[in-house]
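Inspection log for the structure reproduced underneath, given as structure tokens.
The values are calculated or read from the model by the stated rules, or taken from the named source; none is laboratory data. Keep in mind it's a predicted model, so treat the numbers as computed, not measured. Neighbour counts run over all protein chains shown; Cβ positions are idealised from the backbone, glycine included. The area values use the complete protein model at the heavy-atom level, side chains included, leaving out ligands, DNA and RNA. Shrake-Rupley method; radii C 1.70, N 1.55, O 1.52, S 1.80 Å.
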Amino acid sequence: MSARAAGRKLSAMPCFLIHHRHEPHECGVAFASFRGHESPLRRRPTLASCGSGGHAIWWSVRAADEQAALGLLPYFVARRSTATRVAEVQIP
């Protein structure tokens with residue numbers, strides 16, 4: 001496979017940063033909602049601010065589009081989330 005073809009294949013699936021927010025009293029529901037939802041995000045470490053009072057969770061995912069990225073989440077979490085397309089950049 002040529003380098004050009006390999007590069008196209010590797011970058012074919014966009015990267016999204018999902019940002020979820022919930023109220024302090026909703027922590028249990030946010031985490032428990034994954035139990036009834038098959039997702040590759042289950043049992044995988046991610047960043048969250050619940051322990052420090054921020055009540056937000058972030059995931060970096062590969063998906064075809066924003067809807068597909070949010071589709072990785074259970075309904076309760078997805079409706080309180082945004083998915084932003086992102087890419088790595090080199091900081092000078």
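A few notes on this one:
- Fully extended contour minus Cα-Cα distance, from R85 to A68, at 0.36 nm per residue: 5.0 nm
- Positive minus negative residues near P74 (Lys, Arg vs Asp, Glu; Cβ under 11 Å): +3
- Taking all protein chains into account, the per residue accessible area for the chain stands at 71 Å² (1.4 Å probe).
- Whether the stretch 22-92 is rounded, prolate or oblate, judged on the alpha carbon gyration tensor where a/c under 1.5 counts as rounded: oblate
- Taking the chain and dividing mean pair separation by its residue count, relative contact order in percent (alpha carbons under 8 Å, at least six apart): 43 percent
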